[in-house]
Structures are given as structure tokens and as C-alpha cells.
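Coordinate-derived values only; no laboratory data. Fair warning: this is a prediction, and the values are worked out from it, not measured in the lab. Neighbour counts run over all protein chains shown; Cβ positions are idealised from the backbone, glycine included.
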Amino acid sequence: MAYVISDDCIQCGACAAECPVSAISEGDGKYVIDADTCVDCGTCADTCPVGAPSEG
Ligand code: SF4
Ligand code: SF4
């Protein structure tokens, strides 16, 4: 499983800066997580100000 980012994302970029495996990049209207790279650590969910990332 990988984390996924919901449409609540406000594109602040905080999660991308904290992801230990650089799985997060800027997508179309929100940031997106590469499921093959994500190691399910949960750091993005802990970092996000709006709770957009969750376990997919
Ligand atoms: Fe990166 Fe961890 Fe979030 Fe996966 S759960 S995208 S590895 S910060
Ligand atoms: Fe979007 Fe949250 Fe990541 Fe900021 S920390 S880019 S609001 S998912």
C-alpha cells in the first residue's frame, strides 16, 4: 500500500520536502505520491497542514 493525497491539498509542498524517499511531486492541481516509491512511513500525513495524505 501507499499513501495518497486527496483534493484537499493546497500545494504547499511541505510533504514533498519531508518525504524520505522523494516519492512526492507536484501534480495537476495537487501534489501526488508515486505508489511504487512510497514506503508507507506516514511522514507526509504528519507534516500536512490540511490532512490531505492518507493511507490508500
Ligand atoms: Fe513519502 Fe512516507 Fe508519505 Fe510515502 S508515506 S509519500 S514515503 S512521506
Ligand atoms: Fe498538499 Fe499537504 Fe503536501 Fe502541502 S503537505 S503539498 S497541502 S499534501
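Observations on the model:
- Among residues of the stretch 21-52, those that are among the small types (Gly, Ala, Ser), within 11 Å of ligand 2 (Cβ to nearest atom) and either more than 9 Å from the chain's Cα centre (by Cα) or not in a loop (DSSP other than H, G, I, E, B) (or both), counted: 5
- Among residues of the stretch 8-33, those that are in contact (Cβ under 8 Å) with a residue 24 or more places away in the chain and acidic (Asp, Glu), counted: 2
- Within the stretch 1-12, the residues that satisfy the criterion of being near ligand 2 (Cβ under 9 Å from one of its atoms), out of contact with any Phe, Trp or Tyr (no Cβ under 7 Å at 6 or more places or on another chain) and either over 17 Å from Gly56 (Cα atoms) or of a type in the set (A, V, I, L, M, F, W, C) (or both) are Ile10, Cys12.
- Restricting the stretch 1-54 to residues that are in contact with a Gly (Cβ under 8 Å, 6 or more places away or on another chain) and acidic (Asp, Glu) leaves a set whose member that is nearest to ligand 1 (Cβ to nearest atom) is Glu26.
- In the set (1) hydroxyl-bearing (Ser, Thr, Tyr); (2) in contact (Cβ under 8 Å) with a residue 12 or more places away in the chain; (3) in contact with a strand residue (DSSP E or B) (Cβ under 7 Å, 6 or more places away or on another chain), Thr47 fails one condition alone, (3).
- Within the stretch 3-20, the set of residues being surrounded by 15 or more Cβ atoms within 10 Å (Cβ to Cβ) and in a loop (DSSP other than H, G, I, E, B) comprises Cys9, Cys19.
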